[in-house]
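First comes the structure, then the notes that go with it.
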Amino acid sequence: MTGRLTKALSRGPLHIVIIILALVWMLPTLGLLFTSFRPPNDVACSGWWTVFEHPFNFTQYTLRNYETVIGRVGMGRAFLNSLTISIPGTIIPVMVAAFAAYAFAWMKFPGRQILFIIVVALLVVPLQMTFIPILRIFNRLHLAGTFPGVWLAHTGYGLPLTVYLLHNFIGGLPSELFDSASIDGASPLQTFFRLVLPLSVPAIASVVIFQFLWVWNDLLVALIYLGGTPDVAPVTLKVANLVGSRGQDWELLTAAAFVSMVLPLIVFFSLQRYFVRGILAGSVKG
Amino acid sequence: MLTAFRNNALWVVVFTTFTVSFGLALAVLLDRVRYEKIIKSIVFIPMAISMVGAATIWKFVYAFRPAGASQIGLLNAIAGVFGAQPVGWLIERPWINNLCLIIVGIWMWTGFCMVILSAAYKNIPRELMEAARIDGANEWQVFRKVILPLLKPTAAVVATTMVVTVLKIFDIVYVMTNGNFSTEVIANRMYKEMFNFRNFGRASTIAVILLLLIIPVMLFNIRRFREQEAIR
């Protein structure tokens, strides 16, 4: 008993350090959350931590900021735009990547090795390299400032990592599986749909989450290809503009930022395991 | 343009050092407490949100009002408790504001380093550490002589990922200062050349420089990939 007590005491500093660290990590986000529920006058006059003087006095909280932000400021529209961008921006690249990963892993064709090395190299190529040439093409095809343009862009930027991750998984499936499929006369297409796809569901799930969060949280691609078109702007672009134009209206900024974060947070908390698995599988995203 | 390179160099050094060492420290220390999972989630949450969100969160932490007014930013309120004058965290050039931006990056990416290093740490056979302890090594020696060498390859991969991330860093600076007060980084300068100055030639040059800086990492990745394939 005393042994356990001295052990606990000697670990005291460790616990204190860890708990302080966790607080430091949480406080900024908590500040955002509380501020978004406070009336403008309070936000302008006192720090958000003053709500803890009487935390259960509910008259100091309000939903008005969210009403304003979702309605008049246009975060509601931006939220729909973000969904319109993210859903195809996830489905298209993951679909293409699943085909490509299977081909790279199990089909024999000339140049396979070198093509895959190019994929690996592309993982770290800065997006910035591609902006000017692609923007020129998009301008000519009238794709700049449209949803299909952004879908295409996200497909291109997402493919290297999604192909790489899925290739690692599909390449790890036992080769006997493919031998017996070909003995039974299955075509590559049948093998893919009947065998590879069902077996890769966990890997595909983590790739989907990864790509979805990446597209949802992206600012730069939206800024470049959607730039001056407010009615297609996603949440990130809207919040960034808001910080520029209404930099002192903290009750609006915090509410808008929270609207932009709510979906990633839900995804994170409900599917954390897949998310972590995706990170572990490919810590090389460019 | 020199400012952008200087700042980016600062980002590379400070950001990479702190994310990797915090990640490493957390991976090792959290393994010893029972509430590991909760703390890990807390540190990891910022990875899920956008850099725009993170930048907004921290801009509020750094909020600054002249002395005498009530401070609504957390950091200046804390400074006030200790009797210090309020500081314009995002204005004081060149060190304070750049470091304040880098802190936002560290806050976001430490969780990433922690998750990967923690997975590698848990793969180290416990017997190795036990053997060292029985031989009379103290905890620090176990860390230096057993854990650190075994985690080195993973730490190298994580560090290169951080360098790649930081060379392209854009959103945080764009939202928080837009590169004003000498906080510009390479990617922001390129954006400005493209859209503010309509100078496509210069913007392309900056992109090429960025690519040249990243080529060593690319070669490192390819070599690592080939080694993995050779094992398989």
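Since every read-out is calculated from the coordinates, none of them should be taken as a lab result. Worth saying up front: this structure is predicted, and the values here are computed from it rather than measured. Because the Cβ atoms are built from the backbone with ideal geometry, glycine has one as well, and the counts that use them run over all protein chains shown.
Miscellaneous remarks
- Options B:N123, B:F220, B:A156, ranked by Cα towards positive dipole end of segment B:94-226, top entry (Cβ charges): B:F220
- Ranked for footprinting exposure by Cβ neighbours inside 10 Å, fewest first, A:T59, B:T110 give A:T59, B:T110.
- Dipole magnitude for chain A: computed about the Cα centre from +1 point charges on Lys and Arg Cβ and -1 point charges on Asp and Glu Cβ, it is near 320 debye.
- Here the calculated FRET efficiency for A:R64 and A:F109, from their Cβ-Cβ distance with R0 = 35 Å, stands at 0.05, rounded to the nearest 0.05.
- For chain B, relative contact order (Cα pairs under 8 Å, six or more residues apart, normalised by length) works out to 28 percent.
- Burial ordering of A:V221, A:V69, fewest other beta-carbon atoms within 10 Å first: A:V221, A:V69
- Highest to lowest packing among A:22-33, B:111-122, scored as the average C-beta count within 10 Å: B:111-122, A:22-33
- Note on B:K168: aspartates and glutamates with a C-alpha under 17 Å away, same-chain residues under 8 apart excluded, are A:D218, B:E184, B:E193.
- Translational diffusion coefficient (Stokes-Einstein; Kirkwood radius from C-alpha pairs) of segment A:2-62 at 20 °C, 1.002 mPa s, in µm²/s: 152 µm²/s
- Estimated FRET transfer efficiency (B:L148, A:I118; beta-carbon r; R0 30 Å; 0.05): 0.30
- Counting Lys and Arg as +1 and Asp and Glu as -1 over every other residue whose Cβ lies under 12 Å from the Cβ of B:A207, the net charge comes to +2.
- Here the calculated FRET efficiency for A:L199 and A:M26, from their Cβ-Cβ distance with R0 = 41 Å, stands at 0.55, rounded to the nearest 0.05.
- Each of B:E36 and A:D231 was given a label point 7 Å from its Cα along the Cα-to-Cβ line. The distance between the two points is 5.4 nm.
- Over chain A, relative contact order from alpha-carbon pairs under 8 Å, at least 6 apart, %: 32 percent
- Counting neighbouring beta carbons within 10 Å and listing from fewest to most, the residues A:H54, A:H154 come out as A:H54, A:H154.
- About the centre of its Cα atoms, the protein assembly as shown shows a dipole size close to 500 debye [charges on the beta carbon of Lys, Arg (+1) and Asp, Glu (-1) only; nearest 20 debye].
- Taking 0.36 nm per residue of separation and subtracting the Cα-Cα distance, full extension of the segment from A:V96 to A:Q190 would add 32.2 nm.
- Of A:V125, A:V221, A:A233, farthest towards positive along the dipole that unit charges on Lys, Arg, Asp, Glu beta carbons give chain A: A:V125
- Selection from B:G73, B:I186, B:L29 lying farthest towards where the dipole of chain B points positive, charges on Cβ: B:I186
- Peptide A:21-30 has a mean of 6 when you count, residue by residue, the C-beta atoms of other protein chains within 10 Å of its C-beta.
- Straight-distance candidates among the lysines for linking to B:K122, with alpha-carbon spacing under 30 Å and chain neighbours fewer than 8 residues away dropped: A:K7, A:K285, B:K37, B:K40, B:K145, B:K152.
- Relative contact order (%) - criterion: Cα under 8 Å, at least six apart; region: segment A:132-283: 32 percent
- Whole-Å distance, taken between Cα centres, linking segment B:67-113 and segment A:38-89: 23 Å
- Between segment B:142-201 and segment A:150-177, the alpha-carbon center distance in angstrom: 25 Å
- Site pair A:L83 and B:N178 shows an inter-label distance of 3.2 nm when each label is modelled 7 Å from Cα along Cα→Cβ.
- Of the DSSP H helices in chain B, those whose Cα atoms cover at least 24 Å axially and whose Kyte score averages 0.0 or more: B:2-30, B:95-123, B:148-167, B:200-231
- Angle in degrees between helix A:12-36 and the longest Cα principal axis of chain A, rounded to the nearest 10: 80 degrees
- Cβ charges +1 (Lys, Arg) and -1 (Asp, Glu), total dipole of chain B, debye: 260 debye
- Average 1/r across all pairs of distinct alpha carbons in chain B, invert it, and you get the Kirkwood radius: 20.0 Å.
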